[in-house]
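The values are calculated or read from the model by the stated rules, or taken from the named source; none is laboratory data. Source: prediction; values computed, not measured. Don't worry about glycine lacking a Cβ; one is built from the backbone with ideal geometry, like all the others, and counts go over all protein chains shown.
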Amino acid sequence: MGFFDYEKVLDNEIQDFIKECKTFDQGGDSKQPIAKSRLAYDAMCASFNSGRPRSVIVKDLWQNKLNIRRYSTQLSAGKSVLFIHGGGHALGGLDSHDDICADISFLTNSTVYALDYRLGPEHKHPSAYNDCLSCLKYVEKKENTKVLLVGDSAGGNLVAAIADSDQVNQKNLIGQILIYPSLGNLDSFGTPVIHDNAPLLSFKDVESMYNNYFKSTLCLNDKRARPIISNTLGRLPKTFVFSAEFDPLYDDGKKYCDLVNEQGGDATFFKSTGLIHMHLRARHRSTKAKTEFIKIVKVINKLFEHY
């Protein structure tokens, strides 16, 4: 049971954001038809879509049996990002995070790729993992550059999984940035309990979404599903994790960073103070969310400066 009165700890801008999100019934409840959940999620994403900066060039591609979208600017040569969207492994696509990808391309002068990976429950693990791995290989070959991986929520899970893949040359990765990621923490204490009923993502939602995509107990010992259990985290590229303070997944990010460092890697953890899951969408409505997004952009720019 959660210990927080969220109306007292969240500022007015975030509370207004939550209220607007709740007008769309996204339905983490497994009893709700997934098609209905997707329609609601897409409608919510569209309502917060801020549009693309005019200087960003966008091209849709069909490669490796995947729908891929490429964002670039006139100055983006040599800087490549693969952004993997969130949505609980069951929701979202190219349009759900379109403005986020466009903003990243514009603010970092980078070429950003996004993909429409396969979703659960129709496509179980490791379908999405395989799609993301295939897209990474395409980007590496197409751009002939090292690649920076970025993902939010379930996308953070997929980023962490492919960054640790035996099929990837980690030296070809600039780094990975995980934004309120789900990484497979199964603790029955800490933030999964403290924030089990947090705004916009309860722990029940997390469990429901996991069940949509993962093959139950078969994935418990699969680091592609639960990156947090890997014993090869020391080989990862520079890692940056941004976990929202009021999110049942907060401990996923914190414990993952600790494990990366314990295994000899280089991980930096950021506590997104006063924020909740999905705050990327509030970046044009909330001062705190905007500040956190700018912090993420600064990390991206710093990584590009030094690779």
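For residue 207, the conditions (1) surrounded by fewer than 24 Cβ atoms within 10 Å (Cβ to Cβ); (2) within 19 Å of the chain's Cα centre (by Cα); (3) over 14 Å from residue 88 (Cα atoms); (4) free of Cβ contacts under 8 Å to residues at least 60 places away in the same chain all hold with the exception of (3). Residues that are among the basic types (Lys, Arg), touching a strand residue (DSSP E or B) at 6+ places or on another chain (Cβ under 6 Å) and either at pLDDT 95 or above or under 15 Å from residue 244 (Cβ atoms) (or both) do occur in segment 287-305.
In segment 32-40 there is no residue that is crowded, with 20+ Cβ neighbours inside 10 Å and either modelled with pLDDT of 95 or more or hydrophobic (A, V, I, L, M, F, W, C) (or both). Any idea which residue in segment 284-307 is nearest to residue 266 (Cα to Cα), counting only those that are charged (D, E, K, R) and touching a residue at least 60 places away in the same chain (Cβ under 8 Å)? It comes out as 288.
Set side by side, the residues 116, 99, 95 differ, and just one is of a type in the set (D, E, K, R) and either buried (at least 19 other Cβ atoms within 10 Å of the Cβ) or under 12 Å from the mean Cα position of the chain (by Cα) (or both), which is 99.
For segment 261-269, the criterion of being in a helix (DSSP H, G or I), of a type in the set (S, T, N, Q) and in contact with a strand residue (DSSP E or B) (Cβ under 9 Å, 6 or more places away or on another chain) is met by at least one residue.
With respect to the conditions (1) surrounded by 14 or more Cβ atoms within 10 Å (Cβ to Cβ); (2) among the hydroxyl-bearing types (Ser, Thr, Tyr); (3) over 30 Å from residue 195 (Cβ atoms); (4) modelled with pLDDT of 95 or more, residue 50 falls short on a single one, namely (3). Listed conditions (1) touching a strand residue (DSSP E or B) at 6+ places or on another chain (Cβ under 9 Å); (2) buried (at least 23 other Cβ atoms within 10 Å of the Cβ); (3) closer than 27 Å to residue 16 by Cβ are all met by residue 132, apart from (3). Of all residues in segment 270-291, those satisfying the criterion of being under 19 Å from residue 96 (Cβ atoms) and in a helix (DSSP H, G or I) are 279, 280, 281, 282, 289. Taken over segment 264-282, the criterion of being without any contact (Cβ under 8 Å) to a residue 40 or more places away in the chain and of a type outside the set (A, V, I, L, M) is satisfied by 264, 265, 266, 268, 269, 270, 271, 273. If I ask for residues that are surrounded by fewer than 20 Cβ atoms within 10 Å (Cβ to Cβ) and of a type in the set (Lys, Arg), which ones from segment 222-253 would you list? 223, 235 - these are the residues of segment 222-253 that are surrounded by fewer than 20 Cβ atoms within 10 Å (Cβ to Cβ) and of a type in the set (Lys, Arg).
In segment 126-146, the residue that is nearest to the chain's Cα centre (by Cα) out of those that are over 22 Å from residue 299 (Cβ atoms) and part of a loop (DSSP other than H, G, I, E, B) is 126. Residues in segment 146-185 that are over 18 Å from residue 91 (Cβ atoms) and in contact with a Gly (Cβ under 6 Å, 6 or more places away or on another chain) were compared, and the one that is surrounded by the fewest Cβ atoms within 10 Å (Cβ to Cβ) is 148.
With the structure loaded, tell me whether residue 79 is surrounded by fewer than 15 Cβ atoms within 10 Å (Cβ to Cβ) and of a type outside the set (Phe, Trp, Tyr) or whether it fails that test. Criteria not met by residue 79. Out of the residues in segment 252-280 that are touching a Ser or Thr at 6+ places or on another chain (Cβ under 9 Å) and of a type in the set (D, E, K, R), which is farthest from residue 45 (Cα to Cα)? Checked segment 252-280; the qualifying residue farthest from residue 45 (Cα to Cα) is 266. Against the numbered list (1) within 14 Å of the chain's Cα centre (by Cα); (2) modelled with pLDDT under 95; (3) of a type outside the set (Gly, Ala, Ser), residue 178 comes up short only at (2). Would a scan of segment 72-95 turn up a residue that is at pLDDT 95 or above, farther than 23 Å from residue 299 by Cα and touching a His at 6+ places or on another chain (Cβ under 6 Å)? Yes.
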